[in-house]
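First up is the structure itself, then whatever we jot down about it.
The values are calculated or read from the model by the stated rules, or taken from the named source; none is laboratory data. Computed from a predicted model, the values in this text were never measured in an experiment. As a convention, Cβ positions derive from the backbone with ideal geometry for all residues, glycine included, and neighbour counts pool all protein chains shown. Just so you know, the surface numbers come from the protein's heavy atoms only, side chains and all, with ligands and any DNA or RNA stripped out. Shrake-Rupley method; radii C 1.70, N 1.55, O 1.52, S 1.80 Å.
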Amino acid sequence: MNRTEKLKVLENLLEGNNEKLRELHCERQKKAMPFLEVYGFVNIHQCSPLLLDVLVIPTASIINHNRKDYIPLRDCLRRFDEIDTIKYPCYPYSAVGSIDIDDYRFDAAVLDSIQIRYRNYSNRYLKGGTVADLRLYFNQSASAFDLYPLLLLSFESNPS
């Protein structure tokens, strides 16, 4: 950051606008975190009943460029049950969802695995865990300092 940018941040701070200062603080904190991001993986056919109200987008909707097809997981499972497997044998039975970082209702839900992405972009997979465990790792990741932090869950038919 050069001198002009520093003076501009100081001027904004004196005027009561501390948004740029907050952004700089978040960027500095992101660089200090040991992980880049974390994800939870759940077997869609054996998921916890606690997760049935999580809003998800089915993978088929993503493939069909229908990115506004957010539905509760229970409705997604019903949709999968209605699919004619003879007519659509390769239909993807998976979905992606997220939980607000401040929503603790799902903390007891069991996950099949947790993926941790390190700063060098290598991945580590932990077997098992809960959404609460995912939250602990998330709070150590750079993603925790995003504008809208979310716990990401991938609901797969074969999470292995």
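Summary table
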read-out: Efficiency of FRET between residue 119 and residue 63 - r from beta-carbon atoms, R0 30 angstrom, step 0.05; value: 0.45
read-out: Separation in nanometres of the label points that stand 7 Å from Cα toward Cβ, at residue 6 and residue 53; value: 5.1
read-out: Cα centre as origin, Lys/Arg/Asp/Glu Cβ charges: the chain dipole, Debye; value: 600
read-out: Spin-label pair residue 81/residue 96, simplified geometry with 7 Å Cα→Cβ offset, distance in nm; value: 2.7
read-out: Student exercise, segment 91-160 dipole from Lys, Arg, Asp, Glu Cβ charges, in Debye to nearest 20; value: 320
read-out: Nearest-10 value in Å² for the accessible area of residue 145, using the 1.4 Å probe; value: 60
read-out: Burial order of peptide ranges 133-143, 94-104 (average beta-carbon count within 10 Å, highest first); value: 133-143, 94-104
read-out: Inter-label distance, nm, simple model (7 Å from Cα along the C-beta direction), residue 46/residue 103; value: 2.5
read-out: Over segment 68-138, equivalent-ellipsoid semi-axes from the Cα gyration tensor in Å; value: 28, 17, 11
read-out: Percent accessible area from carbon and sulfur atoms, segment 76-160, protein chains only, probe 1.4 Å; value: 53
